[in-house]
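Read through the structure below, which is laid out as structure tokens, and then see the notes.
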Amino acid sequence: MAETVFTPCLEGMKHVKSDSGVMLAKPFLDVCKQILPVLDKFGAAMAIVKSDIGGNITRLENKYSSDPSKYEHLYNMVQEEVQNKTAKGSSSCTNGLLWLTRAMDFLVELFRNLLDHQDWTMSQACTDSYSKTLKKWHGWLASSSFTVAMKLAPNRDKFMEVITGTGDIKADIEKFCTTFYPFLKENHDFLASVGLDDMKAS
């Protein structure tokens, strides 16, 4: 079967919502995990992003594992923290979900750039998507380390070759962006509804 590096996460996205349309914790986190191998192909440029995503997935997974039936629905973790007034803590699951979603926004925007701007270098595509997504939430330190990391972005053609595998990479990137984006938007809308979508990095 023809496969690209996106095949596992595209498959996983079919299971993110319950039959009644509720966002499920484990399938959503699994999809985010399946994106990590894509980041590996970027090499050093994405090391910060990858460790950030990995840390937030682990935090949310640990919470889920502590009581899978209670936290089957992703937003239950946030609602509980909102009630306990712990949602704004830097180690909260709310904070973890917010930053995980923002990092995924960055990746969706980046792959959208690679599709839409065939003439851009990888650094251009990364920098543009960073400025549209994560930058406004980052403090000076995070922002400057990110800027340095983007300079390590791999050669675009080599990167595309590596992620293509045996499938149709452009079709899969398109599918990834259009299918994943609504889930991320739903996360933001939910976090905004409890007043927690605009937390900044310290």
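The values are calculated or read from the model by the stated rules, or taken from the named source; none is laboratory data. As the structure is a computational prediction, the values presented were derived from the model and not from experiment. Because the Cβ atoms are built from the backbone with ideal geometry, glycine has one as well, and the counts that use them run over all protein chains shown. Please note that ligands, DNA and RNA were not included when accessible areas were found on the heavy atoms of the full protein model with its side chains. Shrake-Rupley method; radii C 1.70, N 1.55, O 1.52, S 1.80 Å.
Here's the list of lysines a cross-link from Lys33 could span, going by alpha-carbon distance under 22 Å and ignoring same-chain residues fewer than 8 apart: Lys14, Lys17, Lys41, Lys50, Lys63, Lys70, Lys170, Lys175, Lys185.
With the cut-off at 23 Å, report for the stretch 1-110 the share of all Cα pairs above it, as a whole percent. Spell out each step's value before the answer.
Details: 1772 of 5995 pairs.
Result: 30 percent of Cα pairs exceed 23 Å.
The alpha carbon centroids of the stretch 30-94 and the stretch 170-189 are separated by 18 Å. Expressed per residue, the C-alpha convex hull volume of the stretch 156-202 stands at 105 Å³. A convex hull fitted around the alpha carbon atoms of the stretch 112-172 yields 86 Å³ per residue.
Taking a probe of 1.4 Å, how large is the accessible area per residue of the chain, in Å²? Don't jump to the answer; show the numbers that get you there.
Values: 9790 Å² over 202 residues.
Averaged over the residues of the chain, the accessible area is 48 Å².
Atom-type composition of the exposed protein surface of the chain places 54 percent of the accessible area on carbon and sulfur (1.4 angstrom probe).
Local charge sum around Lys63 (other residues, Cβ-Cβ under 10 Å, Lys/Arg +1, Asp/Glu -1)? Kindly include the intermediate steps, with their values, before the conclusion.
Working: positive: Arg59, Lys70; negative: Glu61, Asp67, Glu80, Glu81.
With Lys, Arg at +1 and Asp, Glu at -1, the neighbours total -2.
Projecting the Cα atoms of Pro27, Tyr75, Ser51 onto the charge dipole of the chain (Cβ charges, centred on the Cα centre) puts Ser51 farthest toward the positive pole.
Summary of packing: across the peptides 17-27, 93-103, the per-residue average of other C-beta atoms within 10 Å ranks them, highest first, as 93-103, 17-27. Dividing the convex hull volume of the alpha-carbon atoms in the stretch 67-109 by its residue count gives 78 Å³ per residue.
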